[in-house]
Every structure is written in structure tokens, then in C-alpha cells.
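Q: Following this message is one structure expressed as C-alpha cells.
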């Protein structure tokens, strides 16, 4: 079963205006932890969920906590929010208490995906969420969305070996041929049925709308009248869905690396092909201007060399130091991974130097990082992001999979990038055989009545192209756009003091922009 880039690839912060939060008083210097609000006026069948108390305990991996304490817990949420009496799911949660003795409140963050294990992310990197000033003034909280990470039941589709075959395998048929399309349909049909078999009926309810309702429950359980939210990448989709469902419960919301939810699935895929092509060109321009670059000539000549290199891998994989083969699919993954941030560009140059000498080790190592795979010949994955990404995405949006529609989409992605377009062909096949119908949000995403939402966009963001941030800021009825003129996926807490200052002012000092803002690289 060989991999395809058949779904959108994604994945990676306010003073409360009149917001109140409940905390446990400090006892003998003990850390104060947020406590739930009194049970709100909700439907009778939801009262037991909103009356829970999270039993926060120090997370069990102290070696990963660095200089911050991280608390872990869990809570029950309805499996089906439309029929809450029919059973529940257990969601994992984590919280880093603010350093200040009198914090403003809590910020719930989502690092992206869909399918990123947010709890592991926060436990392993608690001082990488936002800025030092933000972490001083706010508790930082997160949950693993339903089916993801430590939440139960977990979306489970493939064994580690089957996942390896899917992500790193070599196709038996030439890309773009009818035989390859038929083989892909067979593989993806197996994937869908395997997800249903191993995950069970709860697979039907891992959609973004349900996850947004889980966020509202979590907001109440950590004691906030209104949500303060920081969402990156797919987290912007989750955030704007929440804002449209509960506009009166929005406090301060920052959406960084924005997705326009009104774009079709086909448009999202085309946007990413274009975005990664632009990011690769930015890398090459920077590389060619330096002294230690594996390319020569012009950017266009370098793009042609990369395209030729990838085509060669379709029939002749490269060896690697651990005995695996670098196939074209693992090479494309290894290529896009460093395009998420300029800090990774030297690693991409190193990968090309080695690959052009016939060694695929660095590229496959970059693919391993992207796929949450431990290095080495024996497959071992640390998360279920592949399975969760597809399961969640297929409930949120789908592309038409008839021959005419796919031919039109294939023509568009091929025209968008001579490097990447070939590997985004037939994208609609991913969800064609999904065993459950769409559960897409039925609202308009305008979030009428919400407080001002800050949308952040990076002009050369490969995964969530900048134009989507422009579109989302216009779509939301009360939003401001913060533009970062630079490279990489998302902006806050990365490399721009200007972006950090504006976002911190928004969260901490209640400084709401009166106009759109721009930060230079």
C-alpha cells in the first residue's frame, strides 16, 4: 500500500474582558489550578458532563517537563452530542499553570493537524507555547481531540508495519495511470474498513463540530466564562467553528496559519500545492544566494532538477544507512517537512547533498520526523496522526471523485507545480469510500456577535497559504488581520518580535487592533 498526498496536509494566543475564572486557592504555597464553573444551564442530559471536576495530577514524565510543571487529567464528553445519553468518550487534557500568582485566566491552544497529539506536545514542550510573558500571565491548557493521542477510544486503523507500507512503500504502477488509480482505490478501501473495524462506531463522531463542542465543555471545566483560544493551522478551523457555534462565549481568540473553511476540499489541496511550490522556490532563492548550496544556476533550473530527481525515485529508490529504501513518497514527505520553517532549510540542503550522492538517509529522516516515526528499520510510531488526520478530514469535507471532476483537479495541480503536482493527483480518492457521511458545520462561520478575533497570516506559508488568512479575516464578522511578511508555517512564538508583541498585547493588555496590522520579516 503506497502513500499518496490525498488529503490536505496541515501540521504545528488576551486579557479576559470581564471574564471570570475559578481557581483552587493556594494552600501552603501549592500551585493554584483552575476549577470548573458551577454547572451551567444546559439540557438535562448534558448536566452530568458539565458538572465534572478534572482530577489534575502532575504528568507522569518529569524528564520532559523542563522548568515548568505540567498537570494531566481527563474528562468525559458525549460520543454523539446530538444523543448524549448514548455513551461517552474520555478526552485527555494537560495544563501548565501560569507563573504569576494572580493569572488572568487560561488559554486553550490547539497545535494543528487534524490529529496532532496536543497533550504530548504540551508535556514535552511546555515552554514553546507562545512567549514567556504569555505563559507568565495565563494558564496554558489543551486537550487531545476525540480519537487523537491519549484520548479514548483512539482512532486506530493500521499496524505500524501497515503504516510504514502506506507512507514509505513503493507503488507497483506508474503514477497517473488507470492501474495506479485502481490500486489506490483498493488500498484506500482497505484503510477505511480497517479504521471502522479497529475503532468501532465512535469513528462516526470525530468531526470538527463535535470537537468544537468538546472545547466548550473543557472551557467550563477549567472555570472560564468565555474561551481564550490560540489555534494554529487546523486549530484555526476548530477555533472558527467554535466561534460560530458559541459567539457569545468568545473572549480572546487568535487564529494563526488560517484555514478558510468556505474553501472546498479541492481548493484546499490546490492551495497547498501552490504554497509548497512557493516555499520551495523561497528556499532555493536563499540557497543559491549563499555559499553552501547543492544547486547551481537559477531557481527554475533547480526546480527542474528536483522534479527530475523525484521522477527517478518512482522507479529506483535510494538506499539509506538503516537499510530502508527512500521511495518517492517518503522523499516528497522529507522535502516538504523542512519547508514549514526557515530553521530547517540547512537540513534540506544537507538532505539534497546526500541524495545527489546516492544516499537517502537525511531525506528519510526528515520524513520520519514529519510522520512521528522513530528512526530505524523496525517501524514504530509515536502517534496516530495519519489515521486521525484522514478520519477527521473525511467527516469535514470531501472532493467529488468522479472521473471528470478528478481530471479537472489533476490538471489544476499539475499546472500549479511541476515538482509537487504529480504527487497530489487523484486527491478525492482518500474519502471516496469512507464508511460514514459528512458531518460538516452548517453555519456560515461569520461568528456574529463574537468579540474581535485576531487572524494571523504569513505571506509565504506553505501549508496554509496567506490568502486564506485574508479570506478568513473578511469572512468573520468582527476580525482583524495581522500579516507577517516572511516564510514558514504560522508566525506567533517563532521568529518575529513584532508578531509576538501584537499577539501578547491582544491577550494580556486587552489591546484590540483598530485596523489590520503588518510585521516585516
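Q: Please work out which one of (1) more than 24 Å from residue 337 (Cα to Cα); (2) not in a loop (DSSP other than H, G, I, E, B) is the condition residue 510 fails and give its number.
A: For residue 510, the exception is condition (2).
Q: So residue 310 fits all but one of (1) in contact with a helix residue (DSSP H, G or I) (Cβ under 7 Å, 6 or more places away or on another chain); (2) in a helix (DSSP H, G or I); (3) closer than 30 Å to residue 149 by Cβ; what number is the exception?
A: Looking at each condition in turn, residue 310 falls short on (3).
The rows are residues; the columns are (1) in the same structural domain as residue 252 (by the TED database); (2) surrounded by fewer than 16 Cβ atoms within 10 Å (Cβ to Cβ); (3) closer than 30 Å to residue 409 by Cβ.
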| site | (1), (2), (3) |
| --- | --- |
| 83 | yes, yes, no |
| 115 | yes, no, yes |
| 126 | yes, no, no |
| 130 | yes, no, no |
| 141 | yes, no, no |
| 162 | no, no, yes |
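Q: Next question. Sort out which residues of the stretch 208-222 are closer than 24 Å to residue 47 by Cβ and either within 19 Å of the chain's Cα centre (by Cα) or modelled with pLDDT under 95 (or both), and write them in order of number.
A: Here is the first cut: in the stretch 208-222, the ones closer than 24 Å to residue 47 by Cβ are 209-222.
Those that are closer than 24 Å to residue 47 by Cβ and either within 19 Å of the chain's Cα centre (by Cα) or modelled with pLDDT under 95 (or both): 209, 210, 211, 212, 213, 214, 215.
Q: Give the stretch 163-186 a look and list any residue that's within 16 Å of residue 330 (Cβ to Cβ) and either outside any helix (DSSP H, G or I) or touching a helix residue (DSSP H, G or I) at 6+ places or on another chain (Cβ under 8 Å) (or both), or say none.
A: Start the filter on the stretch 163-186 by keeping residues that are within 16 Å of residue 330 (Cβ to Cβ), which leaves 163-171, 175.
Within the stretch 163-186, 163, 166, 167, 168, 169, 170, 171, 175 meet the criteria.
Q: Tell me, yes or no, whether the stretch 83-97 has at least one residue that is more than 21 Å from residue 211 (Cα to Cα) and either touching a strand residue (DSSP E or B) at 6+ places or on another chain (Cβ under 7 Å) or assigned to a loop (DSSP other than H, G, I, E, B) (or both). Can you show your working first?
A: Here is the first cut: in the stretch 83-97, the residues more than 21 Å from residue 211 (Cα to Cα) are 96-97.
Of the ones still in play, those that are also either touching a strand residue (DSSP E or B) at 6+ places or on another chain (Cβ under 7 Å) or assigned to a loop (DSSP other than H, G, I, E, B) (or both) are 96-97.
Yes, the conditions are met somewhere in the stretch 83-97.
Q: Which residue out of 442, 409 is more than 19 Å from the chain's Cα centre (by Cα), over 14 Å from residue 260 (Cβ atoms) and outside any helix (DSSP H, G or I)?
A: Values: 409 fails: outside any helix (DSSP H, G or I).
Testing whether each residue is more than 19 Å from the chain's Cα centre (by Cα), over 14 Å from residue 260 (Cβ atoms) and outside any helix (DSSP H, G or I) leaves just 442.
Q: Can residue 450 be described as surrounded by 23 or more Cβ atoms within 10 Å (Cβ to Cβ) and closer than 19 Å to residue 213 by Cα?
A: Numbers: surrounded by 23 or more Cβ atoms within 10 Å (Cβ to Cβ): yes; closer than 19 Å to residue 213 by Cα: yes.
Against the criterion (surrounded by 23 or more Cβ atoms within 10 Å (Cβ to Cβ) and closer than 19 Å to residue 213 by Cα), residue 450 qualifies.
Q: When residues of the stretch 326-364 are filtered for being touching a strand residue (DSSP E or B) at 6+ places or on another chain (Cβ under 9 Å), closer than 20 Å to residue 486 by Cα and assigned to a helix (DSSP H, G or I), how many remain?
A: Within the stretch 326-364, residues that are touching a strand residue (DSSP E or B) at 6+ places or on another chain (Cβ under 9 Å), closer than 20 Å to residue 486 by Cα and assigned to a helix (DSSP H, G or I) number 3.
Q: Answer yes or no as to whether residue 279 is within 25 Å of residue 398 (Cα to Cα), modelled with pLDDT of 95 or more and either surrounded by 17 or more Cβ atoms within 10 Å (Cβ to Cβ) or in the same structural domain as residue 461 (by the TED database) (or both).
A: no
Q: While we're looking at this one, here's another question. Checking the conditions here, which among 477, 496 is closer than 30 Å to residue 277 by Cα and either over 19 Å from the mean Cα position of the chain (by Cα) or surrounded by 20 or more Cβ atoms within 10 Å (Cβ to Cβ) (or both)?
A: Details: 477 fails: closer than 30 Å to residue 277 by Cα.
Unique residue meeting the criteria: 496.
Q: Against the condition at pLDDT below 95 and out of contact with any helix residue (DSSP H, G or I) (no Cβ under 9 Å at 6 or more places or on another chain), how does residue 125 come out, does it pass?
A: Details: at pLDDT below 95: yes; out of contact with any helix residue (DSSP H, G or I) (no Cβ under 9 Å at 6 or more places or on another chain): no.
No: the conditions fail for residue 125.
Q: Let me ask something else. For the stretch 365-391, what are the residues that are over 22 Å from residue 114 (Cβ atoms) and assigned to a helix (DSSP H, G or I)? Let's see the steps before the verdict.
A: Step one: of the stretch 365-391, the residues over 22 Å from residue 114 (Cβ atoms) are 365, 374-380.
Passing the criteria: only 365.
Q: From (1) assigned to a helix (DSSP H, G or I); (2) in contact with a helix residue (DSSP H, G or I) (Cβ under 6 Å, 6 or more places away or on another chain); (3) farther than 30 Å from residue 440 by Cα, pick out the condition that doesn't hold for residue 394.
A: (3) is the only condition that residue 394 fails.
The values are calculated or read from the model by the stated rules, or taken from the named source; none is laboratory data. These numbers were taken from a predicted model, which means no experiment stands behind them. Here the Cβ is made from the backbone with ideal geometry for all residues, glycine too, and neighbour counts use every protein chain on show.
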